[in-house]
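Just below is one structure, and these are the notes that go with it.
The values are calculated or read from the model by the stated rules, or taken from the named source; none is laboratory data. Quantities reported herein were computed from a predicted structural model and do not represent experimental measurements. Using ideal geometry, Cβ is built from the backbone for each residue, glycine included, and neighbour counts are taken over all protein chains shown. Heads up: the accessible areas ignore ligands, DNA and RNA and are worked out on the full protein's heavy atoms, side chains in. Shrake-Rupley method; radii C 1.70, N 1.55, O 1.52, S 1.80 Å.
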Amino acid sequence: MTLPRTPSFRLDGRRALVAGASSGIGLGAAVALAEQGADVVLAARGAAALAAVVDDMRAAGFRASALALDVTDIDATAAAVAEHGPFDVLVNSAGLARHSPATATTPADYDAVMGVNVRAAYFLAQAVARGLIAAGKPGSIITISSQMGHVGGIDRAVYAATKHAVEGMTKSMAIEWGQHGIRVNTLCPTFIRTPLAEQTLKIPERKAWILSKIKLGRVGEVEDIMGAVAFLASDAAALITGAALLVDGGWTAD
Ligand SMILES: NC(=O)c1ccc[n+]([C@@H]2O[C@H](COP(=O)([O-])OP(=O)(O)OC[C@H]3O[C@@H](n4cnc5c(N)ncnc54)[C@H](OP(=O)(O)O)[C@@H]3O)[C@@H](O)[C@H]2O)c1
C-alpha cells in the first residue's frame with residue numbers, strides 16, 4: 001500500500017516578501033520563512049533597523065535582503081514589488097495601533113491606523129497578486145490580522161475595525177484569486193510581546209484583562225507565530241484559502 005505523505009513544509013526556491021520585518025511578528029515571520037529555505041526580502045521604513053536584522057540573518061546562514069519601503073506609499077510599493085518580484089509568499093506584518101476609548105478617537109488616529117492596517121495592506125496584496133498572475137505562478141498571501149479581527153476589545157474600536165476589514169478583504173481576494181492558485185489567508189495572534197504590544201502590557205489592569213482572557217495563561221511570544229507562518233506559506237496548507245488561523249491561546253474560544 002502506498003502511504004499518504006505530508007506535503008512539504010519546506011520553502012526552498014521560493015521568494016518571500018515580509019513587510020514590517022524589522023521588528024516583532026514580521027521579524028519572526030521572516031526568520032520562519034528563511035528557516036524553511038525561502039529567499040526573504042525584508043521591508044520596513046527604518047533602513048538602519050532593517051540592515052541590522054538582515055546582517056544577523058545572513059550571519060545565521062539565511063538568504064535575506066533589505067528593502068526600505070513605506071507601505072502607505074501605494075505607488076512606491078507597487079513599483080518595488082514589480083521591480084523585486086514576483087514573490088511566491090507575502091507576509092504583511094506592517095501595522096499600527098493607536099488605542100483610545102471610542103469617544104476620544106481623533107480623525108487623524110483613525111486615518112493613520114486605517115491607512116496602514118487596511119489601505120496599505122490591500123494594495124500590497126494587490127501588487128503581489130498582480131505580479132504572480134502576470135508570471136503565471138501560484139502563491140501564498142498572509143496578512144497579520146489579529147484576534148481583534150474576530151472580537152472587540154477595550155479601547156480598540158478603530159484597531160478592531162481595521163482587523164475586521166482585513167478579514168473581509170482576505171475572503172474576497174481568496175474568492176477572486178483561487179483560480180490563479182493564489183491562496184489568501186490571515187494569521188490572527190493574541191497579544192504577542194513586541195514593541196507594539198508593550199504600550200498595553202505595561203498597564204497593570206490591561207495586563208490582568210489579557211491574562212484573564214488567554215486560556216493558556218500567558219502572553220504570546222514571537223516564536224508562537226513562527227510555525228503558523230511557515231505552515232500557511234507552504235504546500236502543507238495547499239487547500240487552505242480565505243481562512244483565519246487564530247493563534248490566540250484560546251482568547252476567542254468563549
Ligand atoms: N504584538 C501583538 O500583540 C499583535 C497582536 C495581534 C496582531 N498584531 C499585528 O501584527 C502586526 C505587527 O505587529 P508587531 O507587534 O510585530 O509590531 P512592531 O513590533 O511595532 O513592528 C511593526 C513593523 O512594521 C513596520 N512598519 C510600520 N509601519 C510601516 C509602514 N508604513 N511601512 C512599512 N513598514 C512599516 C515597522 O518598521 P518601521 O517603523 O521601521 O517602518 C516594524 O518593522 C501588526 O499588524 C499588528 O496589528 C500584533
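General remarks:
- Candidates A129, A108, A135 - the one that is within 14 Å of I182 (Cα to Cα) and open to solvent by 40 Å² or more (accessible area, probe 1.4 Å): A135
- The residues of segment 90-105 that are surrounded by fewer than 19 Cβ atoms within 10 Å (Cβ to Cβ), of a type in the set (V, I, T) and in contact (Cβ under 8 Å) with a residue 40 or more places away in the chain amount to a single one, T105.
- Residues of segment 126-157 that turn out to be in contact with a Leu (Cβ under 7 Å, 6 or more places away or on another chain), under 24 Å from D12 (Cβ atoms) and in a helix (DSSP H, G or I), as a count: 1
- From the list S234, S212, the lone residue that is free of Cβ contacts under 8 Å to residues at least 24 places away in the same chain and of a type in the set (S, T, Y) is S212.
- Residue count for segment 180-209 satisfying the condition of being near the ligand (Cβ under 9 Å from one of its atoms), surrounded by fewer than 19 Cβ atoms within 10 Å (Cβ to Cβ) and without any contact (Cβ under 8 Å) to a residue 60 or more places away in the chain: 3.
- Residue in segment 218-229 that is open to solvent by 20 Å² or more (accessible area, probe 1.4 Å), of a type in the set (V, I, T) and at pLDDT 95 or above present: yes
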